[in-house]
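What follows is a single structure, written as structure tokens, with notes after it.
The values are calculated or read from the model by the stated rules, or taken from the named source; none is laboratory data. No experiment lies behind these values; they were computed from the predicted model shown. A quick note on method: Cβ atoms are made from the backbone with ideal geometry, for glycine too, and the neighbour counts reach across all protein chains shown.
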Amino acid sequence: MEICKEISTPMATNYYLDSDEKGTSVDQTKYRDLISSLLYLTASRPDIIFSVCLYARFQSNLRESHFTAAKRILKYLQGTTDVVLWYPSEVSLNLVGYFDSDFVGCKIDRKSTSGTCHLLRSSLIS
């Protein structure tokens, strides 16, 4: 993955990830190791939280399409190594969050999905 094509988004925007019952099964240990490493990384990279949590759902019934989609996050991280969180020390931090719910939006388990927007002072952070 060191010499991979850099990607500008952690998830494909024109592809919906589903359970893929007819897909090829792959080794679960590599996928679980990848997901656990990415979950650890979300502490410093909140821009990948949604996609990592979405891919973590497929650990028990893993297919090749899920593993390929999860590797996309690594390609995204390769291209965004200069993205960092910066908190100025001289300014008070006000975190404001907005919520847009999408009831029964997930086609897999019919749970609610939502979009959120977080502003730190006047800067969009998530």
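Hey, any hits in the range 28-42 for a residue that's under 22 Å from G79 (Cβ atoms), not in a helix (DSSP H, G or I) and not assigned by TED's automatic domain parsing to the domain that holds A70? Within the range 28-42 (the criterion being under 22 Å from G79 (Cβ atoms), not in a helix (DSSP H, G or I) and not assigned by TED's automatic domain parsing to the domain that holds A70), the answer is no, since none of the residues qualifies.
If you check Q28, Q78, Q59 for being under 25 Å from I125 (Cα atoms) and surrounded by fewer than 17 Cβ atoms within 10 Å (Cβ to Cβ), only one passes: Q78.
Scan the range 83-102 and give yes if some residue there is in contact with a Gly (Cβ under 6 Å, 6 or more places away or on another chain), under 30 Å from R121 (Cα atoms) and either of a type in the set (F, W, Y) or not in a helix (DSSP H, G or I) (or both), otherwise no. Yes, some residue in the range 83-102 is in contact with a Gly (Cβ under 6 Å, 6 or more places away or on another chain), under 30 Å from R121 (Cα atoms) and either of a type in the set (F, W, Y) or not in a helix (DSSP H, G or I) (or both).
Among the residues here, S8 does not qualify as exposed (fewer than 14 other Cβ atoms within 10 Å of the Cβ), small (G, A, S), at pLDDT 85 or above and within 27 Å of H118 (Cα to Cα).
Could you check, for the range 49-65, whether at least one of its residues is in a helix (DSSP H, G or I), of a type in the set (G, A, S) and more than 28 Å from V84 (Cα to Cα)?
Yes; the residues of the range 49-65 include at least one that is in a helix (DSSP H, G or I), of a type in the set (G, A, S) and more than 28 Å from V84 (Cα to Cα).
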